[in-house]
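A single structure is presented below for examination.
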Amino acid sequence: MTATITPTPVRKSVRVAAPAERAFQIFTAGIGRWWPRTHHIGASDLETLVIEPREGGRWFERGIDGVECEIGKVLIWDPPSRLVLNWQLNADFSFDPALITEVEVRFIADGENATRVELEHRDLERLGDRAEAFRQQIDSPGGWDGLLQLFSQTASQTQEQSS
């Protein structure tokens with residue numbers, strides 16, 4: 001009998017000083033404001049990142065040269081509580097249409113003006129023998145931890161400005 005070891009999903013959470021509706025909007029429509037310019041897959045520097053607001057919508061980046069690079073698609077669009085994206089980047093962070101891992105983000109009210117945002121990046125075993133190394137990358141401070149911190153800072157600043 002051969003045992004198969006699958007990498008555990010990467011799970012992260014952050015408390016955001018904004019109501020769920022606002023947190024969802026900043027995570028999705030505002031992703032181009034908080035996503036770091038260093039995290040891009042295109043040949044040119046990153047201009048913006050886009051999540052189209054509907055099931056089946058594209059998740060892509062646009063470089064300063066205007067070239068768009070696919071990251072994945074929107075699987076579930078359920079504002080303001082849930083977003084599920086497919087991630088079609090391989091272990092080298094190159095687009096692979098045959099590869100699908102999932103990123104689920106939940107927005108849970110945590111008081112009047114706060115939201116707990118829970119993220120899970122799963123199905124990493126689909127990356128084959130590079131799954132664990134990839135998991136370690138996205139579970140590092142430069143991965144989902146750092147990304148959620150940037151998102152949280154942007155959401156909190158935006159909430160303060162609108163108060």
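Can you give the net charge of the other residues whose Cβ lies under 14 Å from the Cβ of Leu147, counting K and R as +1 and D and E as -1?
Spelling it out: positives minus negatives among the neighbours equals -1.
Calculate the dipole size of the stretch 3-86 relative to its Cα centre from +1 charges on Lys and Arg beta carbons and -1 charges on Asp and Glu beta carbons; express the result in debye to the nearest 20. Intermediate values should be presented prior to the final figure.
Values: 11 positive and 10 negative charges, 93 e Å.
So the dipole magnitude of the stretch 3-86 works out to roughly 440 debye.
Once phi is turned into ³J(HN,Hα) by the Karplus curve 6.51 cos²θ - 1.76 cosθ + 1.60 with θ = phi - 60°, what whole-Hz value does each residue of the stretch 121-126 show in order, with x for glycine and proline?
Result, rounded to whole Hz: 10, 10, 6, 5, 4, 5.
Given a cut-off of under 8 Å on Cα pairs at least six residues apart, what relative contact order in percent is computed for the stretch 87-139?
Numbers: 66 pairs, mean separation 15.9, N = 53.
Dividing the mean separation by the residue count of the stretch 87-139 yields 30 percent.
Under the rule a/c < 1.5 gives rounded, and otherwise a/b versus b/c splits prolate from oblate, where does the stretch 38-126 land using the Cα gyration tensor? Let's see the in-between values first.
Values: a/c = 2.05, a/b = 1.51, b/c = 1.36.
Because a/c hits 1.5 or more and a/b exceeds b/c, the stretch 38-126 counts as prolate.
Taking the solvent-accessible surface of protein heavy atoms with a 1.4 Å probe, what is the per residue accessible area of the stretch 43-97 in Å²? Mind showing how you got there, number by number?
Details: 2550 Å² over 55 residues.
In whole numbers, the stretch 43-97 has 46 Å² accessible per residue.
Multiply the residue separation of Ser81 and Glu132 by 0.36 nm, subtract the distance between their alpha-carbon atoms, and state the gained length in nm to one decimal. Before the final figure, lay out the partial values.
Details: separation 51, 0.36 × 51 = 18.36 nm, distance 2.95 nm.
Full extension from Ser81 to Glu132 adds 15.4 nm.
Here is a further query. Can you give the Rg to Rh ratio of the stretch 11-71, both from alpha-carbon atoms, with Rh computed by the Kirkwood formula?
Working: Rg = 12.8 Å, Rh = 12.6 Å.
Radius of gyration relative to Kirkwood radius: 1.01.
Mind pulling up the Rg/Rh value for the chain? Radius of gyration and Kirkwood radius, both on Cα. Write out the running numbers ahead of the final one.
Numbers: Rg = 15.9 Å, Rh = 16.3 Å.
Reported Rg/Rh (Cα atoms, Kirkwood Rh): 0.98.
For the stretch 1-118, give the percent of accessible area contributed by carbon and sulfur heavy atoms, probe 1.4 Å, rounded to a whole number. It would help to have the intermediate numbers written out before the result.
Numbers: 3040 of 5980 Å².
Answer for the stretch 1-118: carbon and sulfur cover 51 percent of the accessible area.
Please work out the average accessible area per residue across the stretch 100-163, using the 1.4 Å probe convention, and give it in Å². Show your work: numbers first, answer last.
Values: 3230 Å² over 64 residues.
Result: 50 Å² of accessible area for each residue.
The values are calculated or read from the model by the stated rules, or taken from the named source; none is laboratory data. Treat the numbers as computed from the prediction; the structure is a model and nothing was measured. Cβ: placed from backbone, ideal geometry, glycine included. Neighbour counts: every protein chain shown. Just so you know, the surface numbers come from the protein's heavy atoms only, side chains and all, with ligands and any DNA or RNA stripped out. Shrake-Rupley method; radii C 1.70, N 1.55, O 1.52, S 1.80 Å.
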